[in-house]
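The values are calculated or read from the model by the stated rules, or taken from the named source; none is laboratory data. This is a predicted model, so every value here is computed, not measured. All Cβ positions, even for glycine, are placed from backbone atoms using ideal geometry, and neighbour counts span all protein chains on display.
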Amino acid sequence: MTALATATSCCPNVSVEPAAAVLGRAAVPVVDLSSPGSAGAVASACGRLGFFKAVNHGIPVGLVEKLEAEALAFFSLPQNDKLLTSGAPLGYGHRKIGPNGDVGMLEFLMLSIGSNSVTTSALPTVLCYMLAEYMSRVQKVALRVLELMAEGLGMSDTNVFSRMVQRDGSDVLLRVNHYPVAMRQPAGGGRGAVGFGEHTDPQIIAVLRSNSASGLQIALRDGSWVPVEPDPESFFVNVGDSMQVLTNGRYRSVRHRVVVEAGEWARARLSMIYFGAPAPSERIAPVPELIGKGEASRYRSFTWREYKAAAYKSRLADRRLDGFQLDAQGSPDDET
């Protein structure tokens, strides 16, 4: 999911099939991050789906489980206590996704990595400690994946992507989403409800971990939706819009959503998502090395500040990259 999310029309009243009825479980590529040949597997998955499951990532399961317990304890606090940590866009949020009318069946915490955000000072001490430890660990996983993404494309500088989220001022976020059962309103008498509407992530990369409650779905290129089997011991990697631009379309950002079940057997879903983006002033454009002979740049150059502003002005389900595409002659494409 995205820090700057969008909804299928992002409306809880959209009719949604129960998760199990949407095609069947996705054949999600699995990449062993400890394997010597993982760069090729990463490149294949990012080019085909823009999404994969990462195993052998090096983050202790115990750490993640402790953070999950502390996060659930926070979300169980009285609403007034949770609101003490709000400070849009960072801090605690409830249902509202962005400033343009999109809503979801969730509450969340949004934190900036490396900032001295005042919102964190109001969080319980143990939760703050666990969040800081998790942020440090998941950032290392993200950097490793970004290096593999570059290596898989045969790039001479395999740190070209990872540097963008390490520089001073990089816009790196951690979002903790909680989908409580009590908040769910099934549409049309069915069991499925839109917890977080369809969108792509505007950043370079997103790294997600969830508990064992299902809900995540990804869109295939033909527009069909497939549920992703949850795996609390693994991480899921999303290619973001900015990475699609940097690779001139060789990697594709993945459209995804959360459809939660309502009813007797429903369980609360908790997910933690790392978002990696460059500093606001850094320019994003196709890397020259990835523009093949006879090819043209598919996207115009822009700063992360510019694209982030465009994302905040749009609805969740909008196809934001359309406004930054170029035609074959390198001019804005009138068809978009």
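For the range 157-199, the set of residues classified as in a loop (DSSP other than H, G, I, E, B), of a type outside the set (D, E, K, R) and at pLDDT 95 or above consists of 158, 159, 160, 161, listed by residue number. Residue pairs whose Cβ atoms lie under 7 Å apart, sitting 6 or more positions apart in sequence or on different chains, and linking a residue in the range 39-50 that is among the β-branched types (Val, Ile, Thr) to a partner that is in a helix (DSSP H, G or I), are 42/145; 42/148; 42/149; 42/152.
Listed by first and then second residue, the pairs linking a residue in the range 291-311 that is within 29 Å of residue 98 (Cβ to Cβ) to a residue that is among the basic types (Lys, Arg) and in a strand (DSSP E or B), with Cβ atoms under 6 Å apart and 6 or more places separating them unless they lie on different chains, are 301/283; 303/283. Residue 275 fulfils the conditions (1) at pLDDT below 95; (2) crowded, with 17+ Cβ neighbours inside 10 Å; (3) of a type outside the set (A, V, I, L, M) except for a single criterion, (1).
Within the range 248-307, being over 30 Å from residue 214 (Cα atoms), over 22 Å from the mean Cα position of the chain (by Cα) and part of a loop (DSSP other than H, G, I, E, B) holds for 287, 291, 292, 293, 294, 295, 296, 297, 298, 300, 301.
For the range 40-67, a residue qualifies if it is surrounded by 20 or more Cβ atoms within 10 Å (Cβ to Cβ), touching a Gly at 6+ places or on another chain (Cβ under 6 Å) and more than 14 Å from residue 236 (Cα to Cα), and exactly one does: 43.
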